[in-house]
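Here the structure comes first, spelled out in structure tokens, and everything after it is commentary.
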């Protein structure tokens, strides 16, 4: 089950070990799960060697936790794995701003993935299409004979569609099998079913089957999340005194820019994936497939545009929503092998892949708003650099306590933070000429 309350006051002020112990207590994690974080989320070499080929070692990234998320009435502390500063803070901040309106609401599709069977050499493609559709029920049954356990739990092949496409190699007949994968991402089940019926498809069509593989454009497995933000909650609560209504107008204008221009939309959607991919990586998901599906969906049947929508209701509230393919699973893969991935899933308290999908979509929506709000007010670089300055101090040669002293001093002075300013601040601290 998710944690009881994601509003963890002063969480950022705690030490790493204190955060680990507090989250472990809130989420009811066992010692092994907490140790997985404490050991920097590392795999042992034997486990790593079983996952991929030619292993020489492992590679670590930070695990940060975004707080304040309430989704469909449940609280979540969401693990992010990434190297970029300000992402976790921005997502947490924006999640807090929709709490007065009940947090995030989800409405996801069933977990249906598409498998593709490519048929070439059909002398009469339209007749081949009709023949396949005439045998639809038999082909569905053949697919389901492959995985009776999946069928037992309500999944399995649910439908078959056929497309004819024109290509550089001539017309091709493309068979789509629609497979409800339940709590799996589905690649193994879908690919096995496609392999199983390929000989029958050849016999029916008189053509030759080439590719039999899952599609990562999961248009039948969409995650949808929305949230409402009041002008009061969107106002600048710092020293800039920017009214919430002004911020909302700025956010909507920034969204309209992304909606209309693929150059802007690419960076806009990259910000969304800053969160979605970070949670996917934290939870042992195939984040490359999720990235590919999201960007493809952003241009599916249209010009490349925004994965989110932002508008204003009659009361002046900001309404945000996201719709994105979400091929995720809690069965098989790294989520069952990697100790830190298992600990992160336990922190979320997830029971189903659908729940993971909505958590990831909500994180993407929150992160998108964080970026748009920053761009519409003080600019994204100002906030980013305030958090990045510690990394800059380390790059300049600061050690131990010097890192925080240099960072704090530069923040207090205000103004533009550059690497030259960091180097000069470190020299002053050390009394160097």
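Per-structure values
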{"item": "Matching residues, region 218-258, being in contact with a helix residue (DSSP H, G or I) (Cβ under 9 Å, 6 or more places away or on another chain), at pLDDT 95 or above and not in a helix (DSSP H, G or I)", "result": "218, 219, 221, 222, 223, 224, 225, 226, 227, 228, 229, 230"}
{"item": "Selection within region 318-334 - touching a strand residue (DSSP E or B) at 6+ places or on another chain (Cβ under 7 Å) and buried (at least 22 other Cβ atoms within 10 Å of the Cβ)", "result": "318, 320, 322, 324, 325, 326, 327, 329"}
{"item": "Residue satisfying condition, being assigned to a helix (DSSP H, G or I) and assigned by TED's automatic domain parsing to the domain that holds residue 132, within set 199, 171", "result": "199"}
{"item": "Which numbered condition residue 207 misses (of (1) in contact (Cβ under 8 Å) with a residue 24 or more places away in the chain; (2) outside the structural domain of residue 125 (by TED's automatic domain parsing); (3) farther than 30 Å from residue 149 by Cα)", "result": "(2)"}
{"item": "Residue 424 vs. criteria crowded, with 17+ Cβ neighbours inside 10 Å and not assigned by TED's automatic domain parsing to the domain that holds residue 251", "result": "no"}
{"item": "Residue satisfying all of: in region 72-91; touching a residue at least 60 places away in the same chain (Cβ under 8 Å) and assigned to a loop (DSSP other than H, G, I, E, B); surrounded by the fewest Cβ atoms within 10 Å (Cβ to Cβ) among these", "result": "84"}
{"item": "Tally of residues being under 17 Å from residue 254 (Cβ atoms) and out of contact with any helix residue (DSSP H, G or I) (no Cβ under 7 Å at 6 or more places or on another chain) across region 267-308", "result": "2"}
{"item": "Any hit, region 141-155, residues being under 16 Å from the mean Cα position of the chain (by Cα), buried (at least 22 other Cβ atoms within 10 Å of the Cβ) and in a helix (DSSP H, G or I)", "result": "no"}
{"item": "Residues of region 27-49 classified as in contact with a strand residue (DSSP E or B) (Cβ under 8 Å, 6 or more places away or on another chain) and surrounded by fewer than 18 Cβ atoms within 10 Å (Cβ to Cβ), total", "result": "0"}
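The values are calculated or read from the model by the stated rules, or taken from the named source; none is laboratory data. These numbers were taken from a predicted model, which means no experiment stands behind them. Positions of Cβ are backbone-derived with ideal geometry, glycine not excepted, and every protein chain shown enters the neighbour counts.
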